[in-house]
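Notes for the one structure printed next.
The values are calculated or read from the model by the stated rules, or taken from the named source; none is laboratory data. Bear in mind that the values here come from a model prediction, so they are computed numbers and not experimental data. Cβ placement follows ideal geometry from the backbone for every residue including glycine, while neighbour counts extend to all protein chains displayed.
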């Protein structure tokens, strides 16, 4: 472990989840989403594409994204089987792994589209063709597959492909000094290096990261033979985060998913290479995102048409892009930085995105998906079964499969609890203390989390519990005894003592319904309020109102009560009260009619919207 | 006149303006803006470019936009001299006209950039290179120059160029079946045809309009040799309004200035060719724009990064693009449709854009300009002296020079008053009635407009006065006698009688400060109110507040008084009262603190913002 990174996550393989909320989400992912995604990959020809038999004129022409969809399904399915063995799923995993292995070319290349459809265009359009991106997802899948099965073939194929890529790209004159328009391979190569211990994969990741944005920009060279298109949008390649060397980047720009995948790799390399400069750059970008470019739901990317970051504080609620993958990527990034510093802000962004803007990407039945997760809709935005570019469903499945990895970190003598999710984690500290920590309770709808230790032998260590900023107070009891005035450090309440089997810590986090406002520079939220309770951001949707939620305002003095409804949306706490409704008039603009009528009000957690009758929705509500 | 178009504008050459508000705007345009713009064209090398002596390696390399800037300056200067002779300006006009004439090539081609910088790329990139766009602006300038001077040379050069273009573009196999990526030449060719009586210019305009969007799309053919860039933005060429034949277009899409210039040409051709289908298409697009894509200020184009239309009702206030040129083009378009039908909605969009989102494009001193006219700013948006692509300043100057053309229309027996601007119009109706109509009064800050007729001999005609929808009532007096219950037709109060010299009509339009709301689908304006008084939309800016206007809300019950301040911003009516301020807290999101304090409130007309200390501004204000 580098000196700069004091913690490592306890990986999901050592954390079993038993939680009133998340167990069901994992079950749906395993039994329904992954099955659905497999069927969609099959029916659209994505698996067949890997047989490399497609010929011009045939249906289901492979697409440049397809191998990434297939690889991500494979990766996510491996995680699901890791959690719970499933012979049917295992058979599918075996089949897909064999398809990938069989599609590898003698030189190591492995891409169905550029092998069958445009073989002459291999590596010709790095900006847009996602070739290295697809390779990255294959590497991640191969690592997951090897972890699950222990079989060496797919991992070996991934390494051969990585070595081939390493022969094509690099600083020598005979090599291409390029990198992918869509970052992903960088973090994947770090994973591959960690899984195999092969240093050259790490070196290739570092090459791709450091080469990015160096002048003259490779992407300018790549398109130098094209007539100048004067679309100003990526004139400086900022869309691809290639406008300047990554160490000099201070502002998050361009395509949001691309960006956060890069920032992940920067944090990874900072850790692997003990590189304070890369860490500082990743942290500066974190500051930029969280201070002015982050939606309340944990969504990022306010620029709909480009799936991209826009100007600071420009956070329109309708047509907020907030791609599901971008929130998932944000979680990946926050999780990496959290290992550097147990600062609540990282864990809270994970929580914010996880319970809201990422989770909203999947329907309650696991069968349909949001690509965009706006914070307001006039009624036309709905989940779909599948997409031409279907990156989001499998990304959510990857996240749900590895959810256990996000709950705990361990340091030399420390165990940190980041998320209040019922689970049991097995750990072994450098200090020698080993055992398990079981978390139970009634979160997220309730206020109690109870931790029980089982240790091989008693020993000293520090337990740190994140005190969420949504909790206005907290109460800790150790073995039933209250701990008064527990100090917090970076938002974590820490208890250091000699622990033994059977010791318990109870963490009480009182829930309040928070009325939130925005920084005044967020013009889109002027005069509006959002409701949050615990980790959940709330919204109102037409299904709960007689009139349109677009006509509703919430007076400052309105009393809001919280009530758990087990029959609603799989069981959620709803917020209820009375609001005001102003009837609209005709036209785009009109003189206001002051008449407002009282109307019942009910808000539901944002993640659960669009699971009933379609209609309008909003998170930010005018204050009446 | 076609049967479908019942009216023609009384052109500005026959309308002299004497108005407490607009005369000063015209003076500033003439004496300061045009002088400033000329100096900028000179210092940046735009005039020198027309000498065709630029060589690679020299400074001031010509740019593809430059000829349009120069031509638009020339056109605007001709209008100014038409209003008031000015020998110094006339000398500049002569020089620039000679530069254009001297730059014409033997084959008729006339473009400084593609003659000196990229001669091999003539007509190679119609999508982005603005070649035909620049030609169009030259044609408009040539017509204005001929009207002013009577000299034939520049108009002849324009016709030669048009004929050359007509030889290059057309349906024959030897011709290019293309059209410009930025519409403009279409409406310019109609003007050229009207000025010269040359039918083939009209035919070429019709060719460009009808060819647009026909499958296979020329732009796809043009880029067929390029590798596929997967930028989804103009995959179907909607950015250029070339996604389908124009007669089938029902939704305003793509670049807003491009779009409205096309829609102008569609209305022009409908009129010239008595073509109900083109008129219907232009009207359908009008409906689409005004029902869901129009800002309160008369701005269009909510998609900042592309200067383009976005989805219906998506009208964010910060980063509203609202290019000055787009509001000017919207006025052009509305003015054309208004001649078809004296419907208040057309004239009101002219008024809305003219007094607000277009006029804001120029500082009070005429020396600096907005390219974008957002409805809210966090404080960073300010006028600039000039732009690399400096289309907006001269477009405003063209509009101010021709302002007289927008006030009146005449039909066979009808004279219509669209705008309340002090002026005198000379007219001659088809019925034989001829004379002048003088408009005086205290608009726009006051409520009275007085019209006095001078006729060569008495005669019957109808006078129609637009009753603005912002006036909750109106009172007409003819020769001092009230006309009770005057009927309105399409928003125009009409008085038909036998008129004689000295007859007067007084129109009283009571002013109220209107509190406006938006259609609830405009999420950006939820719970917010805007103030309008007469034609002016108001805003609040930091210069008038102790705290930031971003922290201010206006209670529903707040009393607002209006007060004319002759010393402020050249003399404006301000709106005053008391509002509430909520102090912000730190961070992007935080729990609301209900504490609000009372604060003095002052709103100024939107057009006049950013003429004092820089700061934040907003049109839509949260209701307290």
For this session: Those residues that are under 30 Å from residue B:349 (Cβ atoms) and surrounded by 12 or more Cβ atoms within 10 Å (Cβ to Cβ), I need them from the range A:588-601; list them, please.
Result: A:588, A:589, A:590, A:591, A:592, A:593
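Out of B:614, B:535, B:600, B:555, I need the residue that is under 24 Å from residue B:353 (Cβ atoms) and in contact (Cβ under 8 Å) with a residue 24 or more places away in the chain. Which one?
Only one candidate qualifies: B:535.
Per-residue answers, yes or no, for (1) in a helix (DSSP H, G or I); (2) more than 14 Å from chain A (Cβ to nearest Cβ); (3) out of contact with any strand residue (DSSP E or B) (no Cβ under 9 Å at 6 or more places or on another chain); (4) modelled with pLDDT of 95 or more:
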{"residue": "B:573", "(1), (2), (3), (4)": "no, yes, no, yes"}
{"residue": "B:586", "(1), (2), (3), (4)": "no, no, yes, no"}
{"residue": "B:590", "(1), (2), (3), (4)": "no, no, no, yes"}
{"residue": "B:594", "(1), (2), (3), (4)": "no, no, no, no"}
{"residue": "B:612", "(1), (2), (3), (4)": "no, yes, no, yes"}
Seminar exercise, completed: Here the residues within the range A:596-610 that are in a helix (DSSP H, G or I) and touching a strand residue (DSSP E or B) at 6+ places or on another chain (Cβ under 7 Å) are A:606, A:608
For this session: Would you please name the residue that is surrounded by the fewest Cβ atoms within 10 Å (Cβ to Cβ), looking only at residues in the range B:304-313 that are within 23 Å of residue B:283 (Cβ to Cβ) and in contact with a strand residue (DSSP E or B) (Cβ under 7 Å, 6 or more places away or on another chain)?
Result: B:310
Exercise. So which residues in the range B:1-30 are out of contact with any helix residue (DSSP H, G or I) (no Cβ under 9 Å at 6 or more places or on another chain) and modelled with pLDDT of 95 or more, if there are any at all?
Worked result: B:8, B:18, B:23, B:24, B:27
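If we keep just the residues of the range A:497-513 that are part of a strand (DSSP E or B) and surrounded by fewer than 21 Cβ atoms within 10 Å (Cβ to Cβ), which is nearest to the other protein chains (Cβ to nearest Cβ)?
Checked the range A:497-513; the qualifying residue nearest to the other protein chains (Cβ to nearest Cβ) is A:513.
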Exercise. Just for helices (runs of 4 or more DSSP H) wholly inside the range A:146-228: which have at least 2 residues that are within 14 Å of another protein chain (Cβ to nearest Cβ) and at pLDDT below 95?
Worked result: A:218-222
Exercise. Does the range A:339-347 contain at least one residue that is crowded, with 24+ Cβ neighbours inside 10 Å and within 14 Å of chain B (Cβ to nearest Cβ)?
Worked result: no
Exercise. Since residue B:241 meets every condition but one in (1) on the phi < 0 side of the Ramachandran plot; (2) within 20 Å of the chain's Cα centre (by Cα); (3) away from chain A (no Cβ under 14 Å), which condition does it not meet?
Worked result: (1)
For this session: Could you check how many residues of the range A:169-226 are out of contact with any helix residue (DSSP H, G or I) (no Cβ under 9 Å at 6 or more places or on another chain) and within 15 Å of residue A:269 (Cα to Cα)?
Result: 1
Exercise. Give me the pairs: first residue in the range B:300-324 and at the interface with chain A (Cβ under 9 Å from one of its Cβ atoms) and at positive phi, second residue outside any loop (DSSP other than H, G, I, E, B) and surrounded by fewer than 24 Cβ atoms within 10 Å (Cβ to Cβ), beta-carbon distance under 6 Å, and six or more apart or on different chains, which are they?
Worked result: B:313/B:292; B:319/B:304
Exercise. What are the residues in the range B:558-573 that are without any contact (Cβ under 8 Å) to a residue 60 or more places away in the chain, within 17 Å of residue B:516 (Cα to Cα) and surrounded by 12 or more Cβ atoms within 10 Å (Cβ to Cβ), if any?
Worked result: B:560, B:562
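Does the range A:345-360 include one or more residues that are outside any helix (DSSP H, G or I) and either within 29 Å of residue A:11 (Cβ to Cβ) or without any contact (Cβ under 8 Å) to a residue 40 or more places away in the chain (or both)?
No: zero hits.
What's the total number of residues in the range B:538-550 that are within 31 Å of the chain's Cα centre (by Cα) and within 13 Å of another protein chain (Cβ to nearest Cβ)?
5
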For this session: Starting from the range A:483-507, take each residue that is without any contact (Cβ under 8 Å) to a residue 24 or more places away in the chain and list its partners that are surrounded by fewer than 16 Cβ atoms within 10 Å (Cβ to Cβ) and in a strand (DSSP E or B), counting only C-beta distances under 7 angstrom and pairs at least six apart or across chains.
Result: A:483/A:477
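This table checks each residue for (1) over 20 Å from residue A:145 (Cα atoms); (2) crowded, with 16+ Cβ neighbours inside 10 Å.
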{"position": "A:3", "(1), (2)": "yes, no"}
{"position": "A:10", "(1), (2)": "no, yes"}
{"position": "A:15", "(1), (2)": "no, yes"}
{"position": "A:20", "(1), (2)": "yes, yes"}
{"position": "A:25", "(1), (2)": "yes, yes"}
{"position": "A:37", "(1), (2)": "no, yes"}
{"position": "A:40", "(1), (2)": "yes, yes"}
{"position": "A:45", "(1), (2)": "yes, yes"}
Exercise. Residue A:558 is checked against (1) away from chain B (no Cβ under 12 Å); (2) touching a strand residue (DSSP E or B) at 6+ places or on another chain (Cβ under 8 Å); (3) in a loop (DSSP other than H, G, I, E, B) and fails just one. What number does that condition carry?
Worked result: (1)
Exercise. Hey, does the range B:535-548 have a residue that's touching a helix residue (DSSP H, G or I) at 6+ places or on another chain (Cβ under 8 Å), in a loop (DSSP other than H, G, I, E, B) and at positive phi?
Worked result: no
Exercise. Just one of the numbered conditions (1) surrounded by 21 or more Cβ atoms within 10 Å (Cβ to Cβ); (2) in contact with a helix residue (DSSP H, G or I) (Cβ under 7 Å, 6 or more places away or on another chain); (3) within 16 Å of residue B:623 (Cα to Cα) is not true of residue B:606; which one?
Worked result: (3)
Problem set entry | Answer residue from the range B:284-299, given it is in contact with a helix residue (DSSP H, G or I) (Cβ under 7 Å, 6 or more places away or on another chain) and in a helix (DSSP H, G or I) and is nearest to the other protein chains (Cβ to nearest Cβ) among those | B:290
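Among the candidates B:553, B:526, B:518, which residue alone is over 28 Å from residue A:512 (Cβ atoms), facing chain A (nearest Cβ under 7 Å) and surrounded by 14 or more Cβ atoms within 10 Å (Cβ to Cβ)?
After ruling out the rest, the residue left standing is B:518.
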Problem set entry | Near pairs, Cβ below 7 angstrom, 6+ apart or cross-chain, from the range A:383-402 (closer than 22 Å to residue A:617 by Cα) to any residue that is part of a loop (DSSP other than H, G, I, E, B) | A:383/A:363; A:383/A:368; A:383/A:370; A:383/A:610; A:384/A:368; A:385/A:367; A:385/A:368; A:392/A:371
Problem set entry | Yes/no for residue A:275 being free of Cβ contacts under 8 Å to residues at least 12 places away in the same chain, surrounded by fewer than 24 Cβ atoms within 10 Å (Cβ to Cβ) and more than 9 Å from chain B (Cβ to nearest Cβ) | yes
Exercise. Do you know which residues across the range B:452-491 are assigned to a strand (DSSP E or B), within 22 Å of residue B:8 (Cα to Cα) and at pLDDT 95 or above?
Worked result: B:452, B:453, B:454, B:455, B:459, B:460, B:461, B:462, B:463, B:464, B:465, B:466
Exercise. When residue B:444 is evaluated against the numbered criteria (1) more than 19 Å from residue B:415 (Cα to Cα); (2) buried (at least 20 other Cβ atoms within 10 Å of the Cβ); (3) in contact with a strand residue (DSSP E or B) (Cβ under 6 Å, 6 or more places away or on another chain), which criterion, by number, is the only one it fails?
Worked result: (3)
